[in-house]
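Comments concern the structure below.
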Amino acid sequence: MTTVITSKRRLKQLVDERIVDGWDDPRMPTVVGLRRRGYTAEAIQLFAERTGISKAGGWIDYASLDIALRDDLDPKAARAMAVLDPVKLVLTNWTS
């Protein structure tokens, strides 16, 4: 994946030097880290199905993981918008 450290040696160094709280830290690109970040198991499976298996190395954009999460959550979670701190607006030159 682009812009993600995936080297096991480098990830182990982060854990050993206590830069992260462990393998399940939400900042880690592990399955447990993704789950703690809020990714569903179905979204991770959908991402894996879409990327496929290849013996050759390649680059996968990190946004494709977010797209898989959105595709998984769209039918499950309702979206809503609200204005929590509205600004009062007076229109003086509006003709109805």
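The values are calculated or read from the model by the stated rules, or taken from the named source; none is laboratory data. These numbers come from a predicted model, not from an experiment. Ideal geometry is used to build each Cβ from the backbone, glycine not excepted, and the neighbour counts take in all protein chains shown. Heavy atoms of the whole protein, side chains included, go into the accessibility calculation; ligands, DNA and RNA do not. Shrake-Rupley method; radii C 1.70, N 1.55, O 1.52, S 1.80 Å.
Structure summary
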item: Residue count, segment 40-95 (criterion: polar (S, T, N, Q) and farther than 30 Å from Ile5 by Cβ); result: 3
item: Which numbered condition Lys88 misses (of (1) closer than 22 Å to Val20 by Cβ; (2) free of Cβ contacts under 8 Å to residues at least 60 places away in the same chain); result: (1)
item: Odd one out for Leu65, checked against (1) surrounded by 10 or more Cβ atoms within 10 Å (Cβ to Cβ); (2) farther than 24 Å from Arg35 by Cα; (3) of a type outside the set (S, T, N, Q); result: (2)
item: Matching entry among Val20, Val87 (being modelled with pLDDT of 90 or more and either in contact with a Cys (Cβ under 6 Å, 6 or more places away or on another chain) or open to solvent by less than 100 Å² (accessible area, probe 1.4 Å) (or both)); result: Val20
item: Leading residue by the ranking (least open to solvent (accessible area, probe 1.4 Å)) among those in segment 2-17 that are closer than 24 Å to Ala63 by Cα and among the basic types (Lys, Arg); result: Arg10
